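Heads up: the structure comes next, in structure tokens.
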Number of protein chains: 2
Amino acid sequence: MTLPHPNADQITLPIVLAVLGDPTRLAIVRFLASKEGVPMNCSKFLDLGSKTNLSYHLAKLREAGVTRTEAVGTNRMITLRRDDLDRRFPGLLDSVIAAAGDDKALPMVGAAEIEIGA
Amino acid sequence: MTLPHPNADQITLPIVLAVLGDPTRLAIVRFLASKEGVPMNCSKFLDLGSKTNLSYHLAKLREAGVTRTEAVGTNRMITLRRDDLDRRFPGLLDSVIAAAGDDKALPMVGAAEIEIGA
């Protein structure tokens with residue numbers, strides 16, 4: 001199963017900013033950025049909220065073009081669309097990640113390992 | 001009359017991003033940035049919507065710490081809080097303004113000159 005993603009040229013600035021304007025989603029993006037492109041199992045993010053809540057946030061990120069979600073067996077693997085975002089909005093993601101990196105008010109992503117569908 | 005503004009250290013990343021994640025507010029920020037710190041009468045933004053709608057957007061920008069609104073007589077003068085934002089989130093505002101500068105989908109700020117309260 002392939003979930004829908006916008007093409008790079010369909011990614012829009014207002015929607016990316018609006019989607020990043022949430023502490024849980026910023027925490028997910030900060031964590032993905034720290035993994036330098038390695039796809040993360042979405043179960044990594046279960047500390048951030050209920051499965052329903054997390055699925056909602058992961059869908060918002062995917063639909064905005066911020067992340068890519070790929071189904072691998074029964075898992076969902078999440079990556080940051082760094083190349084697409086850097087091409088569309090140079091410097092934006094780096095400045096957001098740098099600002100989020102210093103932000104003690106954002107939730108931390110832990111190491112919960114339960115499976116989840118997103 | 002002085003409208004309430006957050007101190008620089010009360011400005012938070014999620015709220016700034018959420019507030020910038022709107023085409024009308026991005027158009028306002030892009031226009032203010034093009035004026036290099038000169039306060040703009042809020043009547044400049046009347047092309048962007050009704051007075052009520054515009055007052056709402058200007059209040060959101062002010063409350064997030066993105067803009068400063070000062071009452072000068074019966075006018076409201078708006079400036080971008082560039083120094084505060086650059087100190088809190090280095091590079092963020094510049095990358096947003098650069099991305100918005102190229103964005104044909106954002107509304108344009110024209111030269112309507114009617115007075116408005118915001």
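Points to keep in mind about this one:
- Environment charge of A:Thr24, counting only residues whose C-beta is closer than 14 Å and scoring Lys/Arg +1, Asp/Glu -1: +2
- Per-residue shielding of A:93-101, expressed as the average number of other chain Cβ atoms within 10 Å of the residue Cβ, stands at 4.
- Computed accessible area, B:Tyr56, all protein chains, 1.4 angstrom probe, square angstrom: 120
- For peptide B:84-91, the mean count of partner chain Cβ atoms within 10 Å of a residue's Cβ comes to 2.
- Efficiency of FRET between B:Gln10 and A:Ser50 - r from beta-carbon atoms, R0 30 angstrom, step 0.05: 0.50
- Pairs spanning more than 22 Å between alpha-carbon atoms, out of A:Lys44/A:Lys104; A:Lys35/A:Lys104; A:Lys60/B:Lys51; B:Lys44/B:Lys104: A:Lys60/B:Lys51.
- For A:Lys51, label point 7 Å along C-beta direction: distances to other copies, nm: 5.3
- Here the Karplus curve 6.51 cos²θ - 1.76 cosθ + 1.60, taken at θ = phi - 60°, turns the phi angles of the range B:80-90 into couplings of 7, 8, 4, 4, 5, 5, 5, 6, 6, 9, x Hz, with x standing for Gly and Pro.
- Take B:Asp94, move 7 Å from Cα toward the beta carbon, and the resulting point lies 1.0 nm from the same point in each other copy, nearest first.
- Sorted on the mean count of surrounding Cβ atoms within 10 Å across their residues, most packed first, peptides A:95-106, B:60-71 read B:60-71, A:95-106.
- Accessible area of the range A:1-111 belonging to carbon and sulfur atoms, whole % at 1.4 Å probe: 52
- Here the Karplus curve 6.51 cos²θ - 1.76 cosθ + 1.60, taken at θ = phi - 60°, turns the phi angles of the range A:20-33 into couplings of 6, x, 8, x, 5, 5, 5, 5, 5, 5, 4, 5, 4, 5 Hz, with x standing for Gly and Pro.
- On the basis of the beta-carbon distance and an R0 of 22 Å, B:Ser34 and A:Asp94 show a calculated FRET efficiency of 0.40.
- Note on chain B: percent of Cα-Cα distances in each 5 Å bin, starting at 0 and stopping at the bin with the largest distance, equals 2, 12, 24, 27, 21, 11, 4, 0.
- Averaged over the residues of A:32-40, the number of partner chain Cβ atoms lying within 10 Å of the residue Cβ comes to 0.
- Dipole moment magnitude, nearest 20 debye, the range A:1-113 about Cα centre, only Lys, Arg, Asp, Glu C-beta charged: 200
- About the centre of its Cα atoms, the protein assembly as shown shows a dipole size close to 260 debye [charges on the beta carbon of Lys, Arg (+1) and Asp, Glu (-1) only; nearest 20 debye].
The values are calculated or read from the model by the stated rules, or taken from the named source; none is laboratory data. Worth saying up front: this structure is predicted, and the values here are computed from it rather than measured. All Cβ positions, glycine included, derive from the backbone under ideal geometry; neighbour counts span all protein chains shown. To get the accessible areas, we keep the full protein, side chains included, count just its heavy atoms, and leave off ligands, DNA and RNA. Shrake-Rupley method; radii C 1.70, N 1.55, O 1.52, S 1.80 Å.
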